[in-house]
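I have placed the structure first, in the form of structure tokens, so that the comments after it can refer back to it.
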Amino acid sequence: MASRPVLVLLGASGHAKVVIDAIEREGRYRIAHLLDDNPGLHGKPFFGYKVAGATESILAMTGKMKPWVLVSIGDNGARARIAARLRAKGFKFASAIHPDARIGRGAAIGAGTVVMAGAVVNSDARIGENVIVNTGATIDHDCVIEDGAHIAPGANLCGGVHVGAGSFIGAGTVVIPGVRVGAHTVIGAGSTLVDHVSDNVKAAGSPARILAA
């Protein structure tokens with residue numbers, strides 16, 4: 001049996017535990033190191049692994065033998081910043097799809113993206129890079145989720161929804177067919193989104209209303 005590719009995770013938090021579980025159950029990669037920028041975690045055990053040091057340490061690696069990487073941080077901004085630095089250094093991003101997730105025919109999952117247990121990504125949906133499709137979220141046919149977005153647990157996106165880069169769709173939110181959510185926008189938990197929402201705003205409620213720009 002061929003050895004599995006080596007993977008380094010960046011980020012040790014509650015979200016990282018769920019990512020680790022998905023990686024281990026999927027079995028495509030071997031987690032070699034876990035990095036985090038909290039000095040208090042360095043050298044300490046975390047969910048079966050040891051936190052080896054700060055995320056900065058991997059950026060010094062050169063040559064062709066760089067490991068695969070995955071940013072296991074739930075915060076969209078922090079995840080995007082670290083991913084951009086890794087990409088600039090030529091690292092390759094792994095994805096993780098829990099075996100209990102369902103991926104429809106024709107769906108595309110970008111590098112660095114994680115799809116958690118119970119999530120559904122239906123036919124011809126397009127999921128960008130470094131996206132989180134969290135536990136039990138559903139993304140229906142022909143949706144587009146741009147890079148760095150986070151679809152929180154139990155959110156339901158109907159067909160043809162477009163979510164902009166870096167946006168957050170809160171837990172239990174329902175988005176009706178064809179709605180467009182701008183980039184870096186936050187939709188509060190439990191909302192019902194029935195209209196388009198522009199970039200850089202916060203909205204919540206049922207139906208959702210703009211809270212702040």
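Of all residues in the stretch 179-206, count the ones that are over 17 Å from GLY74 (Cβ atoms), open to solvent by 40 Å² or more (accessible area, probe 1.4 Å) and not hydroxyl-bearing (Ser, Thr, Tyr).
8
Determine which single condition PHE91 fails, assuming it passes every other condition in (1) touching a Pro at 6+ places or on another chain (Cβ under 9 Å); (2) open to solvent by 40 Å² or more (accessible area, probe 1.4 Å).
(2)
Here are some conditions: (1) more than 18 Å from ASN76 (Cα to Cα); (2) open to solvent by less than 40 Å² (accessible area, probe 1.4 Å); (3) assigned to a strand (DSSP E or B). ARG209 meets all but one. Which one does it not meet?
ARG209 satisfies all of (1) more than 18 Å from ASN76 (Cα to Cα); (2) open to solvent by less than 40 Å² (accessible area, probe 1.4 Å); (3) assigned to a strand (DSSP E or B) except (2).
Could you tell me which residue of the stretch 112-148 is nearest to the chain's Cα centre (by Cα), considering only residues that are closer than 14 Å to ALA171 by Cβ and either open to solvent by 50 Å² or more (accessible area, probe 1.4 Å) or of a type in the set (A, V, I, L, M) (or both)?
Of everything passing the filter in the stretch 112-148, ILE132 is nearest to the chain's Cα centre (by Cα).
Do you know which residues across the stretch 161-178 are open to solvent by 20 Å² or more (accessible area, probe 1.4 Å), among the hydrophobic types (A, V, I, L, M, F, W, C) and not in a loop (DSSP other than H, G, I, E, B)?
Correct list: PHE168, VAL174.
Kindly establish whether ILE58 is closer than 21 Å to ASP147 by Cβ, hydrophobic (A, V, I, L, M, F, W, C) and in a helix (DSSP H, G or I).
It is true that ILE58 is closer than 21 Å to ASP147 by Cβ, hydrophobic (A, V, I, L, M, F, W, C) and in a helix (DSSP H, G or I).
Under the condition of being at pLDDT 95 or above, farther than 23 Å from SER95 by Cβ and among the charged types (D, E, K, R), which residue from the stretch 41-84 is surrounded by the fewest Cβ atoms within 10 Å (Cβ to Cβ)?
Top of the filtered list is LYS44.
Output yes when any residue across the stretch 73-90 is closer than 12 Å to LEU7 by Cα, without any contact (Cβ under 8 Å) to a residue 40 or more places away in the chain and outside any helix (DSSP H, G or I), and no when none is.
No: the stretch 73-90 contains no residue that is closer than 12 Å to LEU7 by Cα, without any contact (Cβ under 8 Å) to a residue 40 or more places away in the chain and outside any helix (DSSP H, G or I).
Which one is most open to solvent (accessible area, probe 1.4 Å), of the residues in the stretch 13-40 that are touching a residue at least 12 places away in the same chain (Cβ under 8 Å) and acidic (Asp, Glu)?
In this case the residue turns out to be ASP37.
The values are calculated or read from the model by the stated rules, or taken from the named source; none is laboratory data. Bear in mind that the values here come from a model prediction, so they are computed numbers and not experimental data. Methodologically, a virtual Cβ is constructed for each residue, glycine included, from the backbone with ideal geometry; neighbour enumeration extends over all protein chains shown. Accessible surface is based on the protein model in full, side chains and every heavy atom, while ligands, DNA and RNA are left aside. Shrake-Rupley method; radii C 1.70, N 1.55, O 1.52, S 1.80 Å.
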